[in-house]
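Q: Structure in structure tokens, see below.
The values are calculated or read from the model by the stated rules, or taken from the named source; none is laboratory data. Every value quoted in this text rests on a predicted model; they were computed, and no experiment measured them. Glycine also receives a Cβ, built like all others from the backbone with ideal geometry; neighbour counts cover every protein chain displayed.
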């Protein structure tokens with residue numbers, strides 16, 4: 001593990017949350033399903049990203065724009081060594097895993113290219129697809145974080161969603177940096193960021209980036 | 001009434017919402033009361049404004065800062081001819097009006113300096129304090145808007161909160177411009193902006209201003 005100079009966390013790598021959210025605070029729309037993994041209207045949260053070369057390239061799609069969001073996306077993954085996600089982000093809700101043949105939303109070459117730890121109640125053997133290994137952790141967020149930190153080898157750990165796992169990390173005071181990509185969309189319902197997090201978390205505004213179709217807000221948590 | 005060139009609303013003045021909100025989407029904290037008009041923790045939503053000369057001057061307080069928020073605050077009121085607010089913003093919840101002697105939160109010289117229309121279920125004669133007259137409208141938001149437009153004499157109408165009256169205006173599709181002042185605060189509960197507004201409102205991102213202790217986000221509604 002590397003020790004960054006001036007790091008108030010005794011040399012621990014950072015835990016970062018990075019998530020797209022509607023103006024009314026939802027990270028997915030209502031009625032999520034296999035047909036609508038992000039709920040009704042939820043794909044619109046990511047329109048700003050889908051248009052970018054910086055997003056398309058790791059997803060194996062050609063073309064795309066370079067704009068004010070490019071640097072934000074590049075920074076997001078620059079020093080990240082592992083990602084933690086909920087079961088929904090890996091591959092949907094109850095029933096969709098079936099007999100274990102289901103390998104998630106992300107195809108044969110998932111865009112993560114790093115160790116991924118899936119917080120879930122359902123045990124499952126690790127799953128390797130191309131250069132991404134999904135490890136399923138059934139013992140809660142603190143265990144997932146310990147394993148992700150170890151796998152990240154001194155780099156940062158990204159908590160990538162959905163709302164439930166992000167809210168658990170925020171509520172437990174485990175997040176160092178919070179990046180919100182606010183899409184100009186009202187969803188009116190769905191998976192609500194900050195639900196149950198409460199007033200105990202103190203934020204410090206770090207940076208705002210105004211980009212086409214999105215505003216990027218970055219906060220640090222104050223301990 | 002003046003008719004602005006190129007105004008898609010047939011020359012009608014704009015209806016603007018302008019409100020401070022926490023990162024988790026509340027415009028007041030939990031447990032609002034006479035002692036805590038903005039709920040527990042809710043005053044922190046306005047710290048960015050309290051520090052400004054542009055806020056202090058109309059409130060009759062000396063001193064204050066000039067920073068990136070100054071222009072935003074000045075623009076907010078520049079072309080506004082009338083304000084609409086809920087009963088809570090005027091003077092608190094049930095019981096606080098008593099026998100009619102209660103004149104609201106705002107003292108002998110309220111900071112509005114324009115006609116104010118208070119949406120309420122409780123009839124009351126108009127109340128003039130210095131150069132602000134509060135008119136109490138018991139027949140709903142559309143009537144309040146019609147009367148505010150008339151009083152504004154071609155200028156814009158500001159919907160100044162609280163959450164309930166703002167959400168009614170948004171849900172009814174009556175808002176042209178939405179300015180959110182996002183304070184780096186989590187309140188964990190309280191009066192939630194966008195509650196019940198639903199997905200029917202389409203937004204267009206207009207501008208973002210990064211200022212000390214606040215981010216100003218401006219959206220237009222698309223009809």
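Q: Give the residues of the range A:164-178 that are out of contact with any helix residue (DSSP H, G or I) (no Cβ under 8 Å at 6 or more places or on another chain), closer than 25 Å to residue A:74 by Cβ and more than 9 Å from every other protein chain (Cβ to nearest Cβ), sorted by residue number.
A: Residues satisfying the conditions are A:166, A:176, A:177.
Q: From A:6, A:25, A:63, A:39, which residue is within 12 Å of chain B (Cβ to nearest Cβ) and either farther than 18 Å from residue B:204 by Cα or modelled with pLDDT under 95 (or both)?
A: Working: A:6 fails: within 12 Å of chain B (Cβ to nearest Cβ); A:25 fails: either farther than 18 Å from residue B:204 by Cα or modelled with pLDDT under 95 (or both); A:63 fails: within 12 Å of chain B (Cβ to nearest Cβ).
Step by step, each of A:6, A:25, A:63, A:39 is checked, and only A:39 is within 12 Å of chain B (Cβ to nearest Cβ) and either farther than 18 Å from residue B:204 by Cα or modelled with pLDDT under 95 (or both).
Q: Could you check, for the range B:92-106, whether at least one of its residues is within 19 Å of residue B:50 (Cβ to Cβ), surrounded by 13 or more Cβ atoms within 10 Å (Cβ to Cβ) and at pLDDT 85 or above?
A: yes
Q: On to the next question. Does the range A:115-133 include one or more residues that are within 14 Å of chain B (Cβ to nearest Cβ) and either under 28 Å from residue A:24 (Cα atoms) or at pLDDT 95 or above (or both)?
A: So far as the range A:115-133 goes, no, none of its residues is within 14 Å of chain B (Cβ to nearest Cβ) and either under 28 Å from residue A:24 (Cα atoms) or at pLDDT 95 or above (or both).
Q: Please determine, by comparing only the residues of the range A:9-22 that are in a loop (DSSP other than H, G, I, E, B) and over 18 Å from residue A:172 (Cα atoms), which one is modelled with the lowest pLDDT.
A: Residue satisfying both the conditions and the ranking: A:10.
Q: Against the conditions (1) under 22 Å from residue B:48 (Cβ atoms); (2) within 15 Å of the chain's Cα centre (by Cα), where does residue A:221 fall short? Just the number, please.
A: Checking residue A:221 against (1) under 22 Å from residue B:48 (Cβ atoms); (2) within 15 Å of the chain's Cα centre (by Cα), the one that fails is (2).
Q: Also, I was wondering about something else. Every residue in the range B:209-223 that is more than 7 Å from chain A (Cβ to nearest Cβ) and either touching a residue at least 24 places away in the same chain (Cβ under 8 Å) or crowded, with 21+ Cβ neighbours inside 10 Å (or both), please.
A: B:209, B:211, B:212, B:214, B:216, B:218, B:220, B:221, B:223 - these are the residues of the range B:209-223 that are more than 7 Å from chain A (Cβ to nearest Cβ) and either touching a residue at least 24 places away in the same chain (Cβ under 8 Å) or crowded, with 21+ Cβ neighbours inside 10 Å (or both).
Q: Let me ask something else about it. Given the options B:201, B:182, name the one that is surrounded by 20 or more Cβ atoms within 10 Å (Cβ to Cβ), at pLDDT below 95 and within 24 Å of residue A:185 (Cβ to Cβ).
A: None of the other options fit; the residue is B:201.
Q: Then there is this: Among the residues that make up the range B:107-119, is at least one of them touching a residue at least 40 places away in the same chain (Cβ under 8 Å) and surrounded by 20 or more Cβ atoms within 10 Å (Cβ to Cβ)?
A: Yes, the range B:107-119 contains a residue that is touching a residue at least 40 places away in the same chain (Cβ under 8 Å) and surrounded by 20 or more Cβ atoms within 10 Å (Cβ to Cβ).
Q: Further question: Could you pull out every one of the strands (runs of 3 or more DSSP E) wholly within the range B:106-194 that has 2 or more residues that are over 30 Å from residue B:212 (Cβ atoms)?
A: Correct list: B:116-119, B:127-129, B:132-137.
Q: Sticking with this one: Considering only the range A:144-153, I want to know if a residue exists there that is away from chain B (no Cβ under 14 Å), surrounded by fewer than 21 Cβ atoms within 10 Å (Cβ to Cβ), closer than 29 Å to residue A:57 by Cβ and out of contact with any strand residue (DSSP E or B) (no Cβ under 7 Å at 6 or more places or on another chain).
A: Yes; the residues of the range A:144-153 include at least one that is away from chain B (no Cβ under 14 Å), surrounded by fewer than 21 Cβ atoms within 10 Å (Cβ to Cβ), closer than 29 Å to residue A:57 by Cβ and out of contact with any strand residue (DSSP E or B) (no Cβ under 7 Å at 6 or more places or on another chain).
Q: Could you list all residues from the range A:179-223 that are in contact with a helix residue (DSSP H, G or I) (Cβ under 7 Å, 6 or more places away or on another chain) and closer than 20 Å to residue A:13 by Cβ?
A: A:179, A:201
Q: Taking the range A:179-208 as the region of interest, how many residues are under 18 Å from residue A:76 (Cα atoms), at the interface with chain B (Cβ under 8 Å from one of its Cβ atoms) and either touching a residue at least 60 places away in the same chain (Cβ under 8 Å) or within 18 Å of the chain's Cα centre (by Cα) (or both)?
A: Going through the range A:179-208 one residue at a time, the tally reaches 2.
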